[in-house]
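Reviewing the structure listed below.
The values are calculated or read from the model by the stated rules, or taken from the named source; none is laboratory data. These numbers come from a predicted model, not from an experiment. Virtual Cβ from ideal backbone geometry, glycine too; neighbours counted across all protein chains shown. Ligands, DNA and RNA are excluded from the accessible area calculation, which covers all protein heavy atoms including side chains. Shrake-Rupley method; radii C 1.70, N 1.55, O 1.52, S 1.80 Å.
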Amino acid sequence: MKNNNNHPNKDKDNKDGKKSNRSEASIKSSPSRSTADKGLQAGRTLEELRVKYNENIGANLSSHSSGSRSGILSARSSIYVDLGQFLDFDDLLPMIGEFGLFQKLLFLFMIPFTFIAAFVYLGQIFMTLAPHNFYCLVPELSVVTDEAERKELSIPREEDGSFSQCLMYDANYTAIHFAFNRSIFLNSTWPTIPCKNGYVFDRVEMPFHTATMEFGWVCDSQYYATIAQMIFFLGSILGGLGYGRFADLCGRLSALVSSCFLALIGSLFTSITTNFAGFAATRLLVGASYDTCFTMIYILVLEYVGPKYRTFVANMSLAIFYAPFTMLMPWLALGFSHWRAFSSLCAIPICLSLLSFWLLPESARWLVSVGQIDNAVDLLKRVARRNNKTVPPVVFEHFKFSCQQFYKEELQGRSFTICSIFKKGRMARYMVLMILIWMAISLVYDGHVRAASVLDSHNVFVFFTIACATELPGNILVILTLDRFGRRWCAFVFTFLSGIFSLVAACMSKPKHMLGAALAGRFFANICYNIGLQWAAEVLPTVVRAQGVSFIHTMGYVSMLMSPPVVFLSQVSSSLMLIILGVLGLLGGVLALFLPETLNHDLPQTLSDGAEFGREQRIWHGPCCGPGSKRVKRPQRLWHQGSSLRTISRDEFRSTKMHRVARIAPRKTHISSQDTLDTEKTIQTYTFEHAKN
């Protein structure tokens, strides 16, 4: 690392009337000697002259803008802008509006996409519901109006005295059909065979006609529904990998619209399939759209929202939009009464999402990342106008220049890959732990979601609605606890409690008690699922954050592949299914204790930061009390993270020009007039030289 020595003594050329070029003026904010001397003559100590932030300066706009590029005050927002430093999105958002009319409209635009996400994720659960009461269909006996008589004539009994669901007598049913006295054909010694002509289902128990009922995915074919759901998650893995790259190349808006179009096509073709192969192929398409059809609008909205509103927007969008739609989904299925109508008619709102290509703005951060800086600046100007904010043109010019410098360096420095994480021992350990924790949390969450469809077969729609209702208080509880008790202890407590209640439910003999404990397990699973990805994004260094989070997310889908088989175990025993979910919850909770806490800590920016992050923490480290309850005091740093100049990307790179550290000189009791200090700030710029072969 080379020191550029941006010391005040280097600025004598400026004092002599020599002017720096624009690049040097923006990178080097050099104080004048006379200003520093005045501060010294006034008897100000070095402690008083240390680096400080200026947020609400009561100066006049004209006094800062008349030929001086050292700073400017935004007219409406009263936010001081230091034009000697690089300016990024998080600096600009307070000036153009952090949560104004523009952001509120974007927030409302999330409503149709939350419906799409709920339909895509939960729709297949209802399409493949299997009723518990059914028996073999014998067409020749359709003239027999008494169901009990039909069963006595065609269905053998099991050892417990109940009628068999998968076997029928091998008899001459044509003769029985024309017989005057059918009772003479009652013979329990006849040989039995598997059902040949389909099944008769109890429509009182299951008023919704599912694909499982139509295609006969019961008895020896009952695994077809499970395989179809696994294929859905296989599509999610492929879609997550493909759309991640597509979004980087073509933009967030293009990825959003194309994924919704894929969900539309897949849902419409699902409704006209006639066999398992066609059903599985169309669900693969729908699965490929899952996550992207909501994640892209989720990221897009958060990019335009100011930092202090992001936690609220991120969680409340799920609480007030997504949760109600998940509760509505079973009743839509019941209202349409047939899986084909449900698949086709619920796809109609997806058509409205296609209009977002003309209604929604593109990600300004993505525009910067691909070099379309002028378009990004024009877009941000429109945001300011919509929010009724006045921003001086020089601020946008300086922002544009900052983006240009960052983009030039980024093109030269995109050399970080997912493998970079595993080059450092501590980072590699964190990454493995986060993968295991997220896989456990994903399987527990999805397992509880699907378990709601099998735990209460008599009131499946009511119980599923109640289970989905736990999403709302879960999201609110995350907002209340996450920034108070920290990620680490919240993840441990909520994941561990999910496991405990799952095991308690497995031990219950009474169905009502089992359902109550299982609902509590689902409630805590909702919370830990919301914590997981945010925590992973904070532990990983900036330069590999996007790739690392994407990889962890993909591994979560891999674990979800095993969720349908786990739920399928309920055919054997519901307790066995809950025991597996409980053990995974306990395991995920314990593993969470071995990750570092990120609350009240500076997040790692470089690979070296990541290798040292959390080294000083111990097992009982806590942000609310005891060790770690106070923010770590470090020399004050003034840097702008280059990552905020672009959205989440596979090749995220932090500009070296954005790493500018405030120089803090050692304390002195007496300061001579020979020392040159800046009364506002003294900046020392470091340049990281790339190694040459």
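For region 208-243 versus region 492-508, the spacing of their alpha-carbon centroids is 28 Å. Binning the C-alpha pair distances of region 115-245 at 5 Å intervals from 0 yields a P(r) profile of 2, 9, 16, 17, 15, 11, 9, 6, 5, 4, 3, 2, 1, 0, 0 %, listed from the shortest bin outward.
Other residues within the sphere of radius under 15 Å centred on the Cβ of Pro564, judged by their own Cβ, net out at +1 (K and R +1, D and E -1). The convex hull around the C-alpha trace of region 191-276, projected and averaged over every direction, spans 7.7 square nanometres. Each peptide in 593-600, 387-394 was scored by the mean count of other Cβ atoms within 10 Å over its residues; highest first, the order is 593-600, 387-394.
Compared with the direct C-alpha span, the chain from Phe357 to Leu334 gains 5.0 nm at full extension, assuming 0.36 nm per residue.
Sorted on the mean count of surrounding Cβ atoms within 10 Å across their residues, most packed first, peptides 366-374, 163-171 read 366-374, 163-171.
Using all pairs of distinct alpha-carbon atoms, the Kirkwood hydrodynamic radius of region 83-148 works out to 18.4 angstrom. Label sites at Lys196 and Ala175, each approximated as a point 7 angstrom past Cα along Cα to Cβ, lie 1.4 nm apart.
Model label sites at Glu158 and Ile227, defined 7 Å from Cα along the beta-carbon direction, differ in position by 2.4 nm.
By average Cβ neighbour count within 10 Å, what is the ranking of 289-296, 205-212 from highest down?
On the way: 289-296: 26.0, 205-212: 20.0.
Per-residue Cβ counts within 10 Å, averaged per peptide and sorted highest first, yield 289-296, 205-212.
Considering only Cα atoms, the convex hull volume of region 215-369 works out to 125 Å³ per residue.
Between region 531-591 and region 109-167, what is the separation of their alpha carbon centroids in Å? Cα centroid of region 531-591 versus Cα centroid of region 109-167: 31 Å apart.
Per residue, what volume in Å³ does the convex hull of the Cα atoms of region 481-573 enclose? Could you put the intermediate results ahead of the total?
Working: hull volume 8.1 nm³, N = 93.
Taking only Cα atoms, region 481-573 has a hull volume of 87 Å³ per residue.
Viscosity 0.692 mPa s, temperature 37 °C: give me the Stokes-Einstein translational D for region 364-506 in µm²/s, with Rh taken as the Kirkwood radius over C-alpha pairs.
On the way: Rh = 20.5 Å.
Here the translational diffusion coefficient equals 160 µm²/s.
For a test of the definition: using alpha carbon positions, the gyration tensor, and the 1.5 limit on a/c, classify region 273-342 as rounded, prolate or oblate. It is oblate, given that a/c is not under 1.5 and a/b is not larger than b/c. With K and R counted +1 and D and E -1, the other residues having a Cβ less than 10 Å from that of Pro131 yield a net charge of -1.
Can you send over the carbon and sulfur percentage of the accessible area for region 245-304, probe radius 1.4 Å, protein chains only? Please list the in-between numbers first.
Details: 1470 of 1880 Å².
Carbon and sulfur: 78 percent of the exposed surface of region 245-304.
Put a dot 7 Å past the Cα of Ala277, heading toward its Cβ, do the same for Ala341, and the two dots end up 3.1 nm apart.
Share of Cα-Cα pairs in region 308-417 beyond 16 Å, in percent? Don't skip to the answer; put the middle values down first.
Details: 4547 of 5995 pairs.
Pairs farther apart than 16 Å: 76 percent.
Going down the table (Lys104/Lys389; Lys104/Lys308; Lys151/Lys196; Lys151/Lys510), which pairs top 19 Å between alpha carbons? With Cα atoms farther than 19 Å apart: Lys151/Lys510. Of interest is the spacing of the C-alpha centroids, which for region 320-377 and region 250-303 amounts to 10 Å.
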